[in-house]
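Visitor: Below you'll find the structure I mean.
The values are calculated or read from the model by the stated rules, or taken from the named source; none is laboratory data. For clarity, every value in this text was computed on a predicted model and none was experimentally measured. Note: ideal-geometry Cβ built from the backbone for every residue, glycine included; neighbour counts use all protein chains shown.
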Amino acid sequence: MGSSSVRRPPRGLTRQRIVQAALAIADRDGADALSMRRLADALSVTPMALYNHVPDKKALLVDLAQHVLKGMRFDAPQGEWRERIRFAFIAMRSVCLRHPATVRLMEMAEMMPAGVFAPMDLTLTVLREIGIEGEDALRCYFTLVGFTLAQVGSGARAFSYARPHGPLAGGKRTAAAGVGFRRRLCLWPDPDSRRNRDRSASRSHEPEVPNTFVS
């Protein structure tokens, strides 16, 4: 066999190229579908060539999260508490629409960089400033996350399956979904109304479902 039959790593294989190729696979097929062998095939190298740049898949996923979150800003420069939280979740939706793999990466909290927790830290800090803490604050945060990720799913489907023509085709339909998301991304009108509902729920001894969003 000639030496030309042996697959050699192309010149210029870098960690950045590896991360970009991995992100393309993860965005298209999901982070769970990413493997070192599949990534090596996409880059036309051997799996061992990848290990010269990343020690294992866990490190690669951390690199993906850092790459996606690089330059992202979740804290609004100014504004009252509603606007500060709304800003964070609009930013979260934006990055998840650009990179669908972000949703799965956020679920791998035990291995992710601190930037993944920026929206949570900001939300809990802002809620604490207006007197909402503990389980109430966490319930609020996870409700907002669930709402945001559900909107990401519907936005991605709108972009993928919209007809190429018409008033809501492609990007226009996705933009319309974004307007609806911003309108619905609304917290309790004020902390006092929350406390009133808490007292009512306590008197009735019934579990309370937080009225987090206003359509």
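Visitor: Looking at Ala88 and the list (1) touching a Pro at 6+ places or on another chain (Cβ under 7 Å); (2) outside the structural domain of Asp29 (by TED's automatic domain parsing); (3) surrounded by fewer than 19 Cβ atoms within 10 Å (Cβ to Cβ), which single condition is not satisfied?
Guide: Going through (1) touching a Pro at 6+ places or on another chain (Cβ under 7 Å); (2) outside the structural domain of Asp29 (by TED's automatic domain parsing); (3) surrounded by fewer than 19 Cβ atoms within 10 Å (Cβ to Cβ) one by one, Ala88 breaks only (3).
Visitor: Between Gly155, Gly180, Gly170, which is in the same structural domain as Arg84 (by TED's automatic domain parsing), modelled with pLDDT under 90, under 29 Å from His67 (Cβ atoms) and surrounded by fewer than 18 Cβ atoms within 10 Å (Cβ to Cβ)? Before you say what the answer is, go through the steps one by one.
Guide: Working: Gly155 fails: surrounded by fewer than 18 Cβ atoms within 10 Å (Cβ to Cβ); Gly180 fails: under 29 Å from His67 (Cβ atoms).
Testing whether each residue is in the same structural domain as Arg84 (by TED's automatic domain parsing), modelled with pLDDT under 90, under 29 Å from His67 (Cβ atoms) and surrounded by fewer than 18 Cβ atoms within 10 Å (Cβ to Cβ) leaves just Gly170.
Visitor: On the basis of being in the same structural domain as Asp32 (by TED's automatic domain parsing) and not in a loop (DSSP other than H, G, I, E, B), does Val103 make the cut?
Guide: For Val103, the condition - in the same structural domain as Asp32 (by TED's automatic domain parsing) and not in a loop (DSSP other than H, G, I, E, B) - is not met.
Visitor: Could you name every one of the helices (runs of 4 or more DSSP H) located completely within the stretch 8-58 that has at least 2 residues being farther than 20 Å from Met108 by Cα and of a type in the set (Lys, Arg)?
Guide: 15-29, 36-43
Visitor: Of the residues in the stretch 92-132, how many are hydrophobic (A, V, I, L, M, F, W, C), in contact with a Pro (Cβ under 8 Å, 6 or more places away or on another chain) and surrounded by fewer than 19 Cβ atoms within 10 Å (Cβ to Cβ)?
Guide: To start, the set of residues in the stretch 92-132 that are hydrophobic (A, V, I, L, M, F, W, C) comprises 92, 95-97, 101, 103, 105-106, 108-109, 111-112, 114, 116-118, 120, 122, 124, 126-127, 130, 132.
This time we only want the ones that are in contact with a Pro (Cβ under 8 Å, 6 or more places away or on another chain), so: 92, 130, 132.
Subsequent filtering for residues that are surrounded by fewer than 19 Cβ atoms within 10 Å (Cβ to Cβ) retains 130.
Going through the stretch 92-132 one residue at a time, the tally reaches 1.
Visitor: Something else: Condition test on Ala59, is it crowded, with 19+ Cβ neighbours inside 10 Å and either closer than 30 Å to Leu127 by Cβ or outside the structural domain of Phe147 (by TED's automatic domain parsing) (or both)?
Guide: No: the conditions fail for Ala59.
Visitor: When Met48 is evaluated against the numbered criteria (1) closer than 20 Å to Ala114 by Cα; (2) more than 19 Å from the chain's Cα centre (by Cα), which criterion, by number, is the only one it fails?
Guide: Here Met48 clears every test but (1).
Visitor: Among the residues that make up the stretch 10-18, is at least one of them surrounded by 15 or more Cβ atoms within 10 Å (Cβ to Cβ) and modelled with pLDDT of 95 or more?
Guide: The answer is yes, given that some residue of the stretch 10-18 is surrounded by 15 or more Cβ atoms within 10 Å (Cβ to Cβ) and modelled with pLDDT of 95 or more.
Visitor: Looking only at the stretch 43-80, which residues are small (Gly, Ala, Ser) and closer than 21 Å to Arg98 by Cα?
Guide: Result: Ala65, Gly71, Ala76.
Visitor: May I ask you to verify whether Leu122 is modelled with pLDDT of 75 or more, touching a Gly at 6+ places or on another chain (Cβ under 6 Å), closer than 21 Å to Met72 by Cβ and not charged (D, E, K, R)?
Guide: no
Visitor: Checking the condition part of a helix (DSSP H, G or I) and either in contact with a helix residue (DSSP H, G or I) (Cβ under 6 Å, 6 or more places away or on another chain) or of a type in the set (Ser, Thr, Tyr) (or both), which residue from Leu61, Leu127 passes?
Guide: Unique residue meeting the criteria: Leu127.
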